[in-house]
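Chemist: I'd like to ask you about the structure that follows.
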Amino acid sequence: MFVKVIDLSALPPETMAGVEAEGRKILLSNLGGEVYAVDGVCTHEESLLSQGFKVEDRVVCQLHLSQFDLRTGEVYNPPATEPLRRYNVKIEEGSIFIEI
Ligand code: FES
């Protein structure tokens, strides 16, 4: 089931945004015009990744600096060891939808 989250205009290229859908926290990112969605909470502890830092195609957790790939959710360095879940995204009529 695809769920509408925000307007595409609210996510300019090279930015990220935290949203909620069906009770889940999701991190959206726009990388060169392509939109990606991964879980919005770090897999190490309860830290919101939307409060972290975007470095190229990665998000850096603000708490202990683990890095995750914004496209795939892959984790690059400890202390987190588990990847983030990735969500399918579609754009329709100027809005971003993610598959829950
Ligand atoms: S809470 Fe994210 S690295 Fe520790």
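Derivation of every value follows stated rules applied to the coordinates shown; laboratory data play no part. No experiment lies behind these values; they were computed from the predicted model shown. Cβ sites come from the backbone with ideal geometry, for glycine too, and all protein chains shown count toward neighbours.
Chemist: Could you rank the peptides 51-60, 35-44 by their average count of other C-beta atoms within 10 Å per residue, with the highest value first?
Modeler: Order by mean packing, descending: 35-44, 51-60.
Chemist: Sorting Met1, Met16 on the 10 Å Cβ count, fewest up front, what's the list?
Modeler: Met1, Met16
Chemist: Taking θ as phi - 60°, what are the ³J(HN,Hα) couplings along the stretch 80-94 by the Karplus curve (6.51, -1.76, 1.60), each to the nearest whole Hz, with x for Gly and Pro?
Modeler: Using θ = phi - 60°, the values come out as 5, 10, 9, x, 7, 5, 9, 10, 6, 10, 9, 10, 9, 6, x Hz.
Chemist: Only four residue types carry charge here, +1 at the Cβ of Lys and Arg and -1 at the Cβ of Asp and Glu. Report the dipole size of the stretch 2-99 about the Cα centre in Debye, rounded to the nearest 20.
Modeler: It comes to approximately 60 debye.
Chemist: Right, another one. Note down the net charge around Pro13, summing +1 for each Lys or Arg and -1 for each Asp or Glu among other residues with Cβ under 15 Å from its Cβ.
Modeler: Neighbour charge sum, excluding Pro13 itself: -3.
Chemist: Rg and Dmax of the chain over Cα atoms: what are they, in angstrom?
Modeler: My reading of the Cα-based Rg and Dmax gives 12.5, 40 Å.
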